[in-house]
Amino acid sequence: MFTFVVSILAGLMFGVIPVFKYAGPHVASGLRGGGRTSSASRERHRARSTLVVVQVALALVLLISSGLMIRTFQAMRQVNPGFSNPGQLLTMSLSIPSAQVKEPEAVVRMHQAIMERIGAIPGVNSVGLTSIIPMTNSGWHDPIFASDKTYGPGQLPAIRAFKFLSPGLLKTMGNTLVVGRDFTWEDAYQMRPVAMVSENLARELWKEPSAAIGKQIRENNASTWREVIGVVSDERDEGVDKKAPTIAFFPILMNHFEGDEFQVRRTMSYVIRSPRAGSSGFVNEVSRAVWSVNPNLPLAGVRTLEEVVRASMARTSFTLVMLMIAGAMALLLGIAGIYGVISYSVSQRTREIGIRMALGAQRLEIARMFVRYGLGLAAIGIACGLLVAIALGRVMTSLLFETSPIDPLTYLAVCLSLSAAAMLASYVPALRATGVNPVTALRAE
């Protein structure tokens, strides 16, 4: 509705302006003089030229914006998210309610039994459990205390992301264990006070990943100190365009966690690595494997991790498509405008062209004259557009990733492309000028 109203208002405004301009008190004299004097022609020509300059400037701004988004999209696709081959990772969520299974250890054993059934499906390489699927913008965040750090009265350490993992999740995801070891099922069932940390958290607290091994962390002053047994490579958990967050990893079954005697993760996300991930037949086999353990468990959020990654870049890809469409339309308008102005100039200067050619002017010289005029308009538009694009660069900063708002390659490519398009749009009507017969042109005048 907004677009429709703006279109109607713009049409009325630009349609009424010439009416008021030319329907004034001098309309009678205009009619007596034939209505199209030379001064009016020059005025129209200047107006068309000005409009072309504006169109070229607008096209340049939009094309530079879409070029910057292309560079951003390419940069995002080159980022190492911290896991490998997301197209081969099927993810789903599964919750075991307390009404069906009450004991915390029984919940973990049911999760493990489901993992074993899924692992037996042909084509499955490995299976793991995690409390949070990467790039889903959800999770648990709390402070992390380190035993070798001093905190003042009432002082809290920085907030960290928490994740609860099963053994084998790192292998399934393709995460790298920088130093130390992974969780084991004995860690979970015996509720050993162990934990892992991300590499950036280890560097922040202890300078080196290797220095983190053997250190102790806990989530509040009343919790048990947990020994760091491993350091995991950083993962872009909040999106490829965001920095990797600092994460603390815990087993899926613990005691004395945040004041609770037992802490068990009833709702877990399954990550299944298989070249068959994403196919409907494979999803059906996974469903049957789950229901063979407990037929009352619904599967939720079944999708590949590649779909999750694409969804995290949806904003960027949508902006890219919109800017490319707008840029292409603006470019077409600019080219059409240049073509129209040069064609109009040729039609108005037919007699001049005839005289020039009768006096010996070469066809190439005539064509070059009109091409120079078209390129001059394009150059003015490009210069104005560059100033606007540079001024608007800061506005686009929040949309860009590892791309400067004044990216030299993008600016150069757009300027050259627009100049080439302007040359082509000028050359076509200029060719028509070279085809003027001097005798015919003079006789017609």
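Values for this structure:
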{"read-out": "Filter pass, residue 368 being open to solvent by 20 Å² or more (accessible area, probe 1.4 Å), more than 30 Å from residue 243 (Cβ to Cβ) and touching a helix residue (DSSP H, G or I) at 6+ places or on another chain (Cβ under 7 Å)", "value": "no"}
{"read-out": "Filter result (part of a helix (DSSP H, G or I) and open to solvent by 40 Å² or more (accessible area, probe 1.4 Å)) within segment 276-298", "value": "280, 284, 285, 288, 291, 292, 293"}
{"read-out": "Residue within segment 299-307 that is in a helix (DSSP H, G or I) and open to solvent by less than 40 Å² (accessible area, probe 1.4 Å) present", "value": "yes"}
{"read-out": "Wholly enclosed strands (runs of 3 or more DSSP E) of segment 153-258 bearing at least 3 residues more than 32 Å from the chain's Cα centre (by Cα)", "value": "216-218, 226-232, 253-257"}
{"read-out": "Matching option when the condition is farther than 29 Å from residue 66 by Cβ and among the hydroxyl-bearing types (Ser, Thr, Tyr), among 317, 345", "value": "345"}
{"read-out": "All positions within segment 389-415 that are open to solvent by 70 Å² or more (accessible area, probe 1.4 Å) and in contact (Cβ under 8 Å) with a residue 60 or more places away in the chain", "value": "392, 402, 409"}
{"read-out": "Yes/no for residue 337 being under 26 Å from residue 55 (Cα atoms), of a type outside the set (A, V, I, L, M, F, W, C) and in a helix (DSSP H, G or I)", "value": "yes"}
{"read-out": "Residues of segment 350-406 satisfying the condition of being outside any helix (DSSP H, G or I) and closer than 12 Å to residue 434 by Cα", "value": "361, 362"}
{"read-out": "Filtered residue count, segment 220-262, keeping only those that are acidic (Asp, Glu), within 25 Å of residue 98 (Cβ to Cβ) and at pLDDT 85 or above", "value": "0"}
{"read-out": "Unmet requirement for residue 147, which otherwise passes all of (1) of a type in the set (S, T, N, Q); (2) in contact (Cβ under 8 Å) with a residue 24 or more places away in the chain; (3) open to solvent by 50 Å² or more (accessible area, probe 1.4 Å); (4) closer than 23 Å to residue 272 by Cβ", "value": "(4)"}
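The values are calculated or read from the model by the stated rules, or taken from the named source; none is laboratory data. Being a predicted model, the structure only gives us computed values, none of them experimental. Quick reminder, even Gly has a Cβ in these numbers, built from the backbone with ideal geometry, and neighbours come from all protein chains shown. For accessibility, only protein heavy atoms count, side chains too; no ligands or nucleic acids. Shrake-Rupley method; radii C 1.70, N 1.55, O 1.52, S 1.80 Å.
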